[in-house]
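Structure record follows, encoded as structure tokens.
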Amino acid sequence: MPGRPPTGAGEALLPGLAGLFTALAATSRPGDAGLTPPVEPWRARHPGRFRHFTRPARGVWAAGTVCCPRCGGSDGPWTVTCDWRRAELGCPCGAVHREHGLSLSEIWLALPRT
């Protein structure tokens, strides 16, 4: 509960939990197989705009259009390159935008189905 001091039992759990979460977040050790198989990166074209949705307050949604950091363009066509960890947006001006703030679902759902 917020505002209540931790109990002795809760404090005793912390070292084990810290170790567990460290192990879960770590990459696999050399020679170990990863938990997920390697996946090939993919590339797609998106002819329109990308919208980034946020929720600044309960019951309030906001949306902004992603713009190229170099030319300010937002209409595309964008080239999307994704390695399943990071998605990059390529602008027609040649700039590659990595700090766009979009989630994978915001990109994936906007792409045309092939």
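The trypsin sites (Lys or Arg not before Pro) of the range 51-114 meeting both criteria, a DSSP state outside H, G, I, E and B (loop) and at most 11 other C-beta atoms within 10 angstrom of the site's C-beta, are 58, 85, 86, 98, 113. Accessible area of residue 84 (1.4 Å probe, protein heavy atoms only, ligands and nucleic acids ignored): about 110 Å².
Across the accessible surface of the range 35-114, with the other protein chains kept in place and a 1.4 Å probe, carbon and sulfur atoms take up 56 percent. Projected label points at residue 39 and residue 7, each 7 Å from Cα along the beta carbon direction, are separated by 4.0 nanometres.
Inter-label distance, residue 51 to residue 14: 4.4 nm, where each label sits 7 Å from its Cα along the C-beta direction.
Hey, can you find the accessible area per residue of the range 52-93 for me, probe 1.4 Å, expressed in square angstrom? Mind dumping the intermediate values first?
Working: 2660 Å² over 42 residues.
Accessible area per residue: 63 Å².
The values are calculated or read from the model by the stated rules, or taken from the named source; none is laboratory data. In this text, all values refer to a predicted model and were calculated from it rather than measured experimentally. Here the Cβ is made from the backbone with ideal geometry for all residues, glycine too, and neighbour counts use every protein chain on show. For the accessible areas, the whole protein counts, side chains as well, though only heavy atoms, and no ligand, DNA or RNA atoms are used. Shrake-Rupley method; radii C 1.70, N 1.55, O 1.52, S 1.80 Å.
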